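The values are calculated or read from the model by the stated rules, or taken from the named source; none is laboratory data. Values in this document were obtained by computation on a predicted structure and should not be read as measured data. Cβ atoms come from the backbone with ideal geometry, glycine included; neighbour counts cover every protein chain shown.
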Ligand code: RFL
Ligand code: PHB
């Protein structure tokens, strides 16, 4: 079999890239290790930047998002009993959209099926061959049968644990990593959100986040130790701990209920360079990870897709290679800025096990500065709504 672009990974990066290329008549095959149901049931991101919204529109999959998504023009930050709001629209002229990654992926799968996009689920043993030549091919197994696809390019959209990044030889690849000494315990519950906007809460007991998916679906997180397991936490224990970390007013208003999902995510900053090796391009979590504070993971994956899609469209449209040649440099320039923002916001809001009294004072001083300084709020808002592509 032959195609223009083999896309490894049917998560949001892979599907969005496939759909954008499809709109421009460029043929792709997506290879996904899991089943469709598994991919659709992963609860992850909830906040979309305007760049991601534009890509969804360009891919022709924005209708449900425009109807059911909720535009948020600001966010609340609390520390102890004090709260303040950062108004994104006032500072940047832009808002963000609350629309779950689950919904984004569902819309992309539906469009992919409607347009006859090719996707193999349950693939195993994916191996990329000759990526640094003009004739790459990909070998994999499905239902016990070996298959080979010859192609012009390979897009590695297979997440942090995928094979694409590992295909780049170690003497070419440079990796940068920071592991944070805590995780996020998250729950999803069919209850109304405690507030109409997100609340990022710094407290003596650790960080908490009040987020949402819709009027009757809330997403809450609390910072936890890396040694903890979701089963260690009953719903009651979770709600009690959350209430201790948010201001009393919100704690009193919080409507609790049974969790329908409960999981722990470790926090990590990670970047691999370069993001291109020959005809293999890395996109999204395959190339970089951010801690979730600031909601940049999916959005940074989307900016990679934007640069790669434009490069491939130019290559197939008019034969120019400038776009694909500058892919890694352009994508990484924006990735590092998202890494900086996520690292800064995480460092500001969490309790660290080895934090000194001085470190705590610095955190409070910085939050106070953010509360009272227009320029600091503007910088925060510009990063939160998404830096331009
Ligand atoms: P994904 O979503 O990991 O998809 C990769 C896909 O590749 C498949 N795969 C393979 N397929 C074939 N062969 C192989 N060898 C393969 N190996 C893997 C996998 O099964 C999977 O389907 O990466 P992608 O597409 O780059 O998307 C990245 C985003 O999923 C991720 O950045 C975000 O979810 C991060 N994130 C958030 N991002 C935001 O922008 N806003 C948020 O509010 C936000 N909240 C979050 C988050 C991530 C979280 N967790 C659980 C890590 C909240 C949480 C709790
Ligand atoms: C979420 O709703 O899952 C979410 C929102 C904001 C973040 C991280 C996660 O910063």
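Could you say whether any residue in the range 257-277 is assigned by TED's automatic domain parsing to the domain that holds residue 105, more than 12 Å from the chain's Cα centre (by Cα) and not in a strand (DSSP E or B)? Yes, the range 257-277 contains a residue that is assigned by TED's automatic domain parsing to the domain that holds residue 105, more than 12 Å from the chain's Cα centre (by Cα) and not in a strand (DSSP E or B).
Scanning the range 140-167 for residues that are surrounded by 21 or more Cβ atoms within 10 Å (Cβ to Cβ) and over 23 Å from the mean Cα position of the chain (by Cα) yields a total of 3. So is residue 91 more than 16 Å from ligand 2 (Cβ to nearest atom), within 30 Å of residue 351 (Cβ to Cβ) and in a helix (DSSP H, G or I) or not? Taking the combined requirement at face value, the residue satisfies it. Picking from residues in the range 42-52 that are outside any loop (DSSP other than H, G, I, E, B) and within 12 Å of ligand 1 (Cβ to nearest atom), the one that is farthest from residue 136 (Cα to Cα) is 47. Just one of the numbered conditions (1) within 16 Å of ligand 2 (Cβ to nearest atom); (2) within 30 Å of residue 366 (Cβ to Cβ); (3) surrounded by 18 or more Cβ atoms within 10 Å (Cβ to Cβ) is not true of residue 85: (3). A search for C-beta distances below 7 Å between a residue of the range 249-269 that is exposed (fewer than 13 other Cβ atoms within 10 Å of the Cβ) and any residue that is assigned to a helix (DSSP H, G or I), counting only pairs 6+ apart in sequence or on different chains, returns 258/235. The set of residues from the range 6-26 being closer than 24 Å to residue 129 by Cα and part of a loop (DSSP other than H, G, I, E, B) comprises 9, 10, 11, 26.
Selection of the range 28-41 for residues being surrounded by fewer than 19 Cβ atoms within 10 Å (Cβ to Cβ) and either within 23 Å of residue 309 (Cα to Cα) or near ligand 1 (Cβ under 7 Å from one of its atoms) (or both) yields only 34. Would you say residue 316 is touching a residue at least 24 places away in the same chain (Cβ under 8 Å) and over 25 Å from residue 384 (Cα atoms)? Judged against the criteria, residue 316 is a match. Taking the listed residues 69, 117, the one that is in contact with a strand residue (DSSP E or B) (Cβ under 6 Å, 6 or more places away or on another chain) and crowded, with 20+ Cβ neighbours inside 10 Å is 69, with no other qualifying.
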